[in-house]
Amino acid sequence: MEGHSSVETSLKWLEGLSKGMVGEELETITMEGLKVVQAQKGFIRCHFLVPNSVADKEGNWHVGAMATLIDTIGAAAVLSLIGLINISVQLNISYYSTPKIQEEVEIEAKVMAEKEIFTSVVVEVRQKDNGKLIALGKQWMTTWSTSKIKLSEKSKL
């Protein structure tokens with residue numbers, strides 16, 4: 001991916017995940033069919049038809065699969081800004097409604113702040129047809145090479 005802008009790198013990574021060409025099995029199942037509709041530095045908007053493969057026993061979108069998607073789209077927004085894949089050091093998700101399988105949703109990730117070696121990103125998942133909030137993820141991320149900092153340094157966030 002050398003020679004590409006950080007936005008292009010982020011888009012190629014998301015495309016590879018959604019088509020099962022890169023990443024771990026959990027990520028590729030969770031991201032299956034994801035379509036990026038807007039991307040710029042620090043911002044990603046996607047449409048996603050919740051596939052049968054991520055259903056819980058009641059036919060809803062499994063919250064663990066939703067959490068994986070939120071984490072991954074957040075990482076893609078950070079990647080689009082700084083050009084490095086990051087890991088989450090803090091992830092908080094609030095769930096407001098329960099989407100069903102085959103429901104179309106819109107996911108929007110936006111980098112909110114950078115503080116020293118950390119980057120903050122907010123990810124919203126909404127019903128595509130009416131904009132109703134499904135989930136809100138807030139996370140702090142850091143690059144892999146800097147993730148081995150002391151716990152006391154993390155607490156300064």
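The values are calculated or read from the model by the stated rules, or taken from the named source; none is laboratory data. Bear in mind that the values here come from a model prediction, so they are computed numbers and not experimental data. Because the Cβ atoms are built from the backbone with ideal geometry, glycine has one as well, and the counts that use them run over all protein chains shown. The area values use the complete protein model at the heavy-atom level, side chains included, leaving out ligands, DNA and RNA. Shrake-Rupley method; radii C 1.70, N 1.55, O 1.52, S 1.80 Å.
Entry remark, the range 13-27: residues being in contact with a helix residue (DSSP H, G or I) (Cβ under 6 Å, 6 or more places away or on another chain) and over 16 Å from I70 (Cβ atoms) number 2 in total. Among the residues of the range 125-157, just one is open to solvent by 70 Å² or more (accessible area, probe 1.4 Å), of a type in the set (A, V, I, L, M, F, W, C) and at pLDDT 55 or above, namely W144.
Is one or more of the residues making up the range 41-52 among the hydrophobic types (A, V, I, L, M, F, W, C), surrounded by 14 or more Cβ atoms within 10 Å (Cβ to Cβ), out of contact with any strand residue (DSSP E or B) (no Cβ under 6 Å at 6 or more places or on another chain) and in contact (Cβ under 8 Å) with a residue 40 or more places away in the chain? No: the range 41-52 contains no residue that is among the hydrophobic types (A, V, I, L, M, F, W, C), surrounded by 14 or more Cβ atoms within 10 Å (Cβ to Cβ), out of contact with any strand residue (DSSP E or B) (no Cβ under 6 Å at 6 or more places or on another chain) and in contact (Cβ under 8 Å) with a residue 40 or more places away in the chain. Taking I117 as the residue in question, decide whether it is closer than 14 Å to G42 by Cα, in contact (Cβ under 8 Å) with a residue 24 or more places away in the chain, open to solvent by 10 Å² or more (accessible area, probe 1.4 Å) and in contact with a strand residue (DSSP E or B) (Cβ under 8 Å, 6 or more places away or on another chain). So I117 does not fit the description; no.
Among the residues of the range 76-93, those identified as open to solvent by 10 Å² or more (accessible area, probe 1.4 Å) and either out of contact with any strand residue (DSSP E or B) (no Cβ under 9 Å at 6 or more places or on another chain) or of a type in the set (A, V, I, L, M, F, W, C) (or both) are L81, I82, G83, L84, I85, I87, V89, L91, I93. With respect to the conditions (1) more than 19 Å from V121 (Cβ to Cβ); (2) in contact with a helix residue (DSSP H, G or I) (Cβ under 9 Å, 6 or more places away or on another chain); (3) basic (K, R), K57 lacks only one, and its number is (2).
Out of all the residues in the range 94-110, is one or more in contact with a Gly (Cβ under 6 Å, 6 or more places away or on another chain), surrounded by 15 or more Cβ atoms within 10 Å (Cβ to Cβ) and in contact (Cβ under 8 Å) with a residue 40 or more places away in the chain? Yes: the range 94-110 contains one or more residues that are in contact with a Gly (Cβ under 6 Å, 6 or more places away or on another chain), surrounded by 15 or more Cβ atoms within 10 Å (Cβ to Cβ) and in contact (Cβ under 8 Å) with a residue 40 or more places away in the chain. Got at least one residue in the range 55-71 being surrounded by 14 or more Cβ atoms within 10 Å (Cβ to Cβ), in contact (Cβ under 8 Å) with a residue 24 or more places away in the chain, farther than 20 Å from A135 by Cα and of a type in the set (G, A, S)? No; the residues of the range 55-71 include none that is surrounded by 14 or more Cβ atoms within 10 Å (Cβ to Cβ), in contact (Cβ under 8 Å) with a residue 24 or more places away in the chain, farther than 20 Å from A135 by Cα and of a type in the set (G, A, S).
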